[in-house]
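Single-structure report; data block below.
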Amino acid sequence: MYYYEPAKGHGLPHDPFNAIVGPRPIGWISSQDAEGRLNLAPYSFFNAFNYIPPIVGFASVGRKDSLNNIEQTGEFAWNLATRPLAEAMNQSCAAVAPQVDEFALSGLTPVASRVIAVPRVQESPVSFECKVTQIIQLQRADQALVPSWLVLGEVVAVHIAEHLLKDGIYDTAAGQPILRGGGPADYFELGNLFKMARPQVNG
């Protein structure tokens with residue numbers, strides 16, 4: 001077994017942590033500041049954390065424009081990053097000034113949401129409109145703060161392209177989600193699907 005303690009370094013060409021905890025869904029987050037300037041950015045630390053009410057969250061490693069915007073407005077949208085939109089998604093992660101609109105930079109179309117003021121990505125087949133529930137600065141085991149923030153939001157509206165609903169059930173594979181791997185440029189598409197029912201407890 002290869003062993004290391006993260007605080008002392010991993011001793012490998014690339015940190016294996018992201019590759020072990022992966023592949024991960026992509027938090028493709030649209031936001032806007034108090035003046036209405038738009039931002040669109042992908043985050044590799046993203047997931048769903050609760051069912052009722054539905055809560056999703058992403059971590060901003062460093063104080064980025066999305067975090068600043070969300071602190072100002074209390075809203076954001078999550079947009080499904082798909083294989084056909086992979087290049088556009090990648091363009092939206094460019095390190096540009098806050099006043100640069102990543103929708104325009106990526107050739108994407110902002111479309112009005114129904115509940116929140118922040119627009120969604122029109123080209124994305126699934127979007128969540130979210131209102132912030134918590135913003136938590138992360139800390140080490142010794143309680144020392146680190147420059148990363150977990151942004152959690154309640155999903156208050158959902159948009160799904162109708163072709164992804166098969167007999168009323170969302171078809172995950174048909175959505176063609178792309179997933180973030182651990183290498184500096186690694187992404188995944190969904191592979192083989194298998195089903196496994198939960199065990200039934202007798203008596």
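The values are calculated or read from the model by the stated rules, or taken from the named source; none is laboratory data. What you see is a predicted model, and the numbers here were worked out from it, not measured in a lab. Heads up, the Cβs are rebuilt from the backbone with ideal geometry, glycines too, and the neighbour counts pull from every protein chain shown.
Tabulated results
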item: Residue in region 133-142 that is in a loop (DSSP other than H, G, I, E, B) and either at positive phi or crowded, with 16+ Cβ neighbours inside 10 Å (or both) present; result: no
item: Matching residues in region 153-177 - criterion: being at positive phi and surrounded by 11 or more Cβ atoms within 10 Å (Cβ to Cβ); result: Gln176
item: Yes/no for Asn90 being surrounded by 14 or more Cβ atoms within 10 Å (Cβ to Cβ) and at pLDDT below 95; result: yes
item: Strands (runs of 3 or more DSSP E) enclosed by region 1-113 - at least 2 residues per element that are within 18 Å of Ser127 (Cα to Cα) and out of contact with any strand residue (DSSP E or B) (no Cβ under 7 Å at 6 or more places or on another chain); result: none
item: Residue check for Asn50: out of contact with any Pro (no Cβ under 8 Å at 6 or more places or on another chain) and at pLDDT below 95; result: no
item: Criterion (touching a Ser or Thr at 6+ places or on another chain (Cβ under 9 Å) and surrounded by 16 or more Cβ atoms within 10 Å (Cβ to Cβ)) met by exactly one of Ser66, Ser44; result: Ser66
item: Criterion violated by Ser124 - all others in (1) among the small types (Gly, Ala, Ser); (2) modelled with pLDDT of 95 or more; (3) over 20 Å from the mean Cα position of the chain (by Cα) satisfied; result: (3)
item: Selection count where residues are under 16 Å from the mean Cα position of the chain (by Cα) and free of Cβ contacts under 8 Å to residues at least 40 places away in the same chain, scope region 22-51; result: 6
item: Qualifying positions in region 154-196 - hydrophobic (A, V, I, L, M, F, W, C), at pLDDT 85 or above and over 20 Å from the mean Cα position of the chain (by Cα); result: Leu165, Ile169
item: Ser113, sole failed condition from (1) within 15 Å of the chain's Cα centre (by Cα); (2) farther than 23 Å from Ala185 by Cα; (3) not aliphatic (A, V, I, L, M); result: (1)
